[in-house]
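J.: My structure is below; once you've seen it, I'll send some questions.
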């Protein structure tokens, strides 16, 4: 059941990532065109690009966790269960620590930044920082799914 929910959430997030990336490309292209061709600065463009970039990074990191596509460095070769299991457990512990930091401290950071305003966009700075706890929440869902897959024998995964 959790896998189907996460599949749906991942499809929605990936669609939002595509839209966000397209908007980022358009924003930067408009900024370059306005500045170097029309000689008119678009004051809002860098701020919008920064906002989109933050969301793309953090939502993309969550999807990468789900798909197990983060960069890894193989120091110890895989294939021996006596080594793989402890390494997986350590990986889950480290992942849980990162998720904790992103979610709980991300909420604190977002709250601290909500009084600030991005002048050119007329919105709270909180919207830039909100990407951190949202990503942490997504990562928590994905990590729970991965943990269940690790714990349950093959064929019993919900």
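J.: Take segment 122-139 and flag every residue that is touching a residue at least 60 places away in the same chain (Cβ under 8 Å) and closer than 15 Å to residue 20 by Cβ.
T.: Those that are touching a residue at least 60 places away in the same chain (Cβ under 8 Å) and closer than 15 Å to residue 20 by Cβ: 127, 128, 131, 134, 135, 138.
J.: Further question: Within segment 17-46, work out how many residues are surrounded by 14 or more Cβ atoms within 10 Å (Cβ to Cβ) and more than 18 Å from residue 121 (Cβ to Cβ).
T.: 2
J.: Cβ contacts < 7 Å: first residue at negative phi and without any contact (Cβ under 8 Å) to a residue 60 or more places away in the chain, restricted to segment 10-39; second residue surrounded by 14 or more Cβ atoms within 10 Å (Cβ to Cβ) and outside any helix (DSSP H, G or I), any location; separation 6+ or different chain. Result?
T.: 30/42; 31/42; 34/42
J.: Kindly indicate which of 99, 57 is surrounded by fewer than 14 Cβ atoms within 10 Å (Cβ to Cβ), closer than 30 Å to residue 150 by Cα and at pLDDT 95 or above.
T.: Result: 57 is the single residue among 99, 57 that is surrounded by fewer than 14 Cβ atoms within 10 Å (Cβ to Cβ), closer than 30 Å to residue 150 by Cα and at pLDDT 95 or above.
J.: Okay, next question. Would you mention how many residues in segment 1-40 are touching a helix residue (DSSP H, G or I) at 6+ places or on another chain (Cβ under 6 Å) and assigned to a loop (DSSP other than H, G, I, E, B)?
T.: Residues in segment 1-40 being touching a helix residue (DSSP H, G or I) at 6+ places or on another chain (Cβ under 6 Å) and assigned to a loop (DSSP other than H, G, I, E, B): 1 in total.
The values are calculated or read from the model by the stated rules, or taken from the named source; none is laboratory data. Values in this document were obtained by computation on a predicted structure and should not be read as measured data. Using ideal geometry, Cβ is built from the backbone for each residue, glycine included, and neighbour counts are taken over all protein chains shown.
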